[in-house]
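Since the structure comes first, as C-alpha cells, the remarks are kept for the end.
The values are calculated or read from the model by the stated rules, or taken from the named source; none is laboratory data. Because the structure is a prediction, the values reported are computed rather than measured. Quick reminder, even Gly has a Cβ in these numbers, built from the backbone with ideal geometry, and neighbours come from all protein chains shown.
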C-alpha cells in the first residue's frame with residue numbers, strides 16, 4: 001500500500017491523464033470515470049510493486065489500459081478487432097504526401113482529437129494504445145489478441161480515415 | 001522495385017515501435033528509398049504524422065469536461 005499523502009499528490013497530478021486515456025478507450029464519460037477510479041484503486045494497492053526507476057505514467061497507464069481492454073472484452077465489444085479481413089496490401093498505394101500533410105500541419109489538436117474520438121472502436125483503440133500508451137506492436141497484438149501483422153493494418157486504416165475526414169473538412173466541409 | 005505499399009512504408013517508419021518486417025523486405029525498402037525522393041518524403045511524413053497524433057492525444061487531459069473537478073473532489077484519495 002502507498003503512503004496516502006504521497007499517493008494523493010500522484011493522484012492529483014495524473015488523474016486527468018488517466019481519465020483521458022480511459023475516455024479514448026471506452027465509450028462514455030461514465031465508463032471512463034469508473035475505469036480511472038478503478039485504476040487508481042489498483043495502483044494504490046499495488047504501489048509496493050512500483051519501481052521508481054520506471055516513469056509513473058508508464059506504470060499507471062499500463063494498469064489503466066489493461067483494465068479498459070478487460071472492460072471492452074466484458075462488454076462484448078471485442079470481436080471487432082479481428083474482423084478487418086486480411087490486408088489488401090496489393091491494392092494499397094504509397095501514401096499521397098498531400099493527404100498526409102493534412103494531418104501533420106493541423107495545429108488544431110482539438111480537431112484532430114475529435115476525429116480520433118469519432119473513429120470506430122476497432123481503429124481508435126489500437127491507435128490510442130500505440131500513440132498515447134506507447135505500446136509496441138507486439139504489446140498491442142497480445143493485449144487485443146490479434147496477430148502482430150494485423151496491428152499495422154488497423155493503424156493504417158485508422159490514419160487513412162483520419163486523413164480522409166480532415167481532408168474533407170479542409171476542402172470545404174468546415175463552416 | 002515498384003513503390004512500396006503504404007502498409008510497407010508504415011511498418012518501415014514504425015520499426016522503433018517493434019513493427020515486424022523481414023530482413024529482405026527491409027533491405028528492398030532501404031534500397032528503394034535510396035533512389036526515390038517521393039517515398040523518402042512519405043516515410044518522413046508518416047513519422048511526423050505519428051508525432052502529430054501523439055501530441056493531439058497527449059494534450060487531451062487539458063480539455064477535460066467541467067464535471068471532472070467535481071468528480072475529483074468526490075473521490076479524494078482518502079476514500080480508497
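Every residue, every condition in (1) within 29 Å of residue A:61 (Cα to Cα); (2) modelled with pLDDT under 90, yes or no:
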site: B:18; (1), (2): yes, yes
site: B:25; (1), (2): no, yes
site: B:31; (1), (2): no, no
site: B:35; (1), (2): no, no
site: B:43; (1), (2): yes, no
The range A:131-156, subset within 23 Å of residue A:108 (Cβ to Cβ) and assigned to a helix (DSSP H, G or I), residue farthest from the other protein chains (Cβ to nearest Cβ): A:155
Every residue from the range A:110-151 that is in contact with a helix residue (DSSP H, G or I) (Cβ under 7 Å, 6 or more places away or on another chain) and free of Cβ contacts under 8 Å to residues at least 24 places away in the same chain: A:110, A:113, A:131, A:136, A:137, A:138, A:140, A:141, A:147, A:148
Subset of the range A:43-66 (residues that are within 20 Å of the chain's Cα centre (by Cα) and surrounded by fewer than 21 Cβ atoms within 10 Å (Cβ to Cβ)): A:55, A:56, A:57, A:58, A:59, A:62, A:63, A:66
Residues of the range A:134-162 satisfying the condition of being under 11 Å from the mean Cα position of the chain (by Cα) and at pLDDT below 90: A:134
Residue A:19 vs. criteria at pLDDT 85 or above, within 14 Å of chain B (Cβ to nearest Cβ) and over 24 Å from residue B:57 (Cα atoms): no
